[in-house]
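Report on the structure given below.
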């Protein structure tokens, strides 16, 4: 767990079913009624790669075409990282003079070659995304892959904050990436956890989740390093990674613990006693029967009377469930909400589950009433993580921290 004023987010990047780039993501978030497209845009299309739907029909052995040795998840990470670095105003010269690291979370890593039996000279380690991105960028600091199931992207951001806080790194590229995986899709089908319609978090008749692919990458930086290069005066675009916390139920291989105690613990520790009301929550919200109810109840325990008034933005209803990238994309969405000062309208609900007593704005955006956004992520094995992003306060700008 960490809560450190000297850790900031200076850049964000995203790859989703709505294309490559945070501009496309924000347009989709703010267009009321938009949902996961039936034929999603392939962010790699300009590389003349075959489109793979985020809700794929697993035809027998589709030819991967020129998918290359890097693999699809690595390319997602590369595109998102390039945008995040450009957004942060960092180039090769600036990175060369900094202590750097790469931390990426993923559920499946890079499974394509192994799943198709095209590993060349044998089985290839699937969790190589961070090292590939570090090599591509010429970064020689730490490179870590995190595999804490669907909470992996949030764990990666927490580790990035720890590296900065401990003085091990000035700049960390952190987030998550996942691509289409036959194994993952097959497992969820066997569990009966795939909704035949779409991902419908908090709907009364929701029936499971729907797979997505993509990447979210954030530039996590020490406030001192960002201040020295003038990034703390970037028109409100630089944010504070105010809190990161994790816990583990260790109760069941796939189901969350029914008392929600460790989910509550992660949220409370991430929020801590820092000032500033919570203005929005980006929930884990998978659309599974148990998860949505437990998270709703946990939010009431943590936020108290405010739980009925704090708006949620249900990102998976828009994108589907991007596995280890989902929490990182949630953090990117939180950054965009803070930058724009508004909570976008949710994908419309037909009927909200009365057991999920949370506020899901419909039809139009609502002003962001608080200066903090809480992001939740939960994974198999009881892996729980929560993040808090916030606007910078004057103490950080003046250099009292970091």
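Residues considered: 139, 133. Of these, the only one that is in contact with a helix residue (DSSP H, G or I) (Cβ under 9 Å, 6 or more places away or on another chain) and part of a loop (DSSP other than H, G, I, E, B) is 139.
Taking the conditions (1) within 23 Å of residue 85 (Cα to Cα); (2) under 15 Å from the mean Cα position of the chain (by Cα); (3) touching a residue at least 60 places away in the same chain (Cβ under 8 Å); (4) surrounded by fewer than 24 Cβ atoms within 10 Å (Cβ to Cβ) in turn, residue 149 satisfies each one other than (1).
Only one entry of 391, 381, 363 meets the criterion of being out of contact with any helix residue (DSSP H, G or I) (no Cβ under 9 Å at 6 or more places or on another chain) and touching a residue at least 40 places away in the same chain (Cβ under 8 Å), and that entry is 363. Every condition in (1) over 27 Å from residue 224 (Cβ atoms); (2) part of a helix (DSSP H, G or I) holds for residue 338 except the one numbered (1). For the range 97-109, residues that are closer than 20 Å to residue 166 by Cα and not in a strand (DSSP E or B) total 3. Cβ separations smaller than 9 Å between residues 6+ apart or across chains give the following pairs from the range 257-268 residues that are at positive phi to residues that are in a helix (DSSP H, G or I) and surrounded by fewer than 18 Cβ atoms within 10 Å (Cβ to Cβ): 260/301. Checking 94, 84 one by one, the residue that is over 30 Å from residue 344 (Cβ atoms), at pLDDT 85 or above and outside any loop (DSSP other than H, G, I, E, B) is 94 and no other.
Would you call residue 287 more than 15 Å from residue 388 (Cβ to Cβ) and free of Cβ contacts under 8 Å to residues at least 24 places away in the same chain? No: the conditions fail for residue 287. Highlighted here are the helices (runs of 4 or more DSSP H) found entirely within the range 212-330 that include at least 1 residues which are crowded, with 16+ Cβ neighbours inside 10 Å and under 19 Å from the mean Cα position of the chain (by Cα): 261-271, 289-303, 316-319.
Yes/no per residue for (1) within 27 Å of residue 359 (Cα to Cα); (2) at pLDDT 95 or above:
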position: 159; (1), (2): no, yes
position: 195; (1), (2): yes, no
position: 210; (1), (2): yes, no
position: 216; (1), (2): yes, yes
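Taken as a whole, the condition of being modelled with pLDDT under 85, surrounded by 15 or more Cβ atoms within 10 Å (Cβ to Cβ), assigned to a loop (DSSP other than H, G, I, E, B) and at positive phi does not apply to residue 117.
The values are calculated or read from the model by the stated rules, or taken from the named source; none is laboratory data. Computed from a predicted model, the values in this text were never measured in an experiment. Note that we place each Cβ from the backbone using ideal geometry, even for glycine, and neighbour counts take in every protein chain shown.
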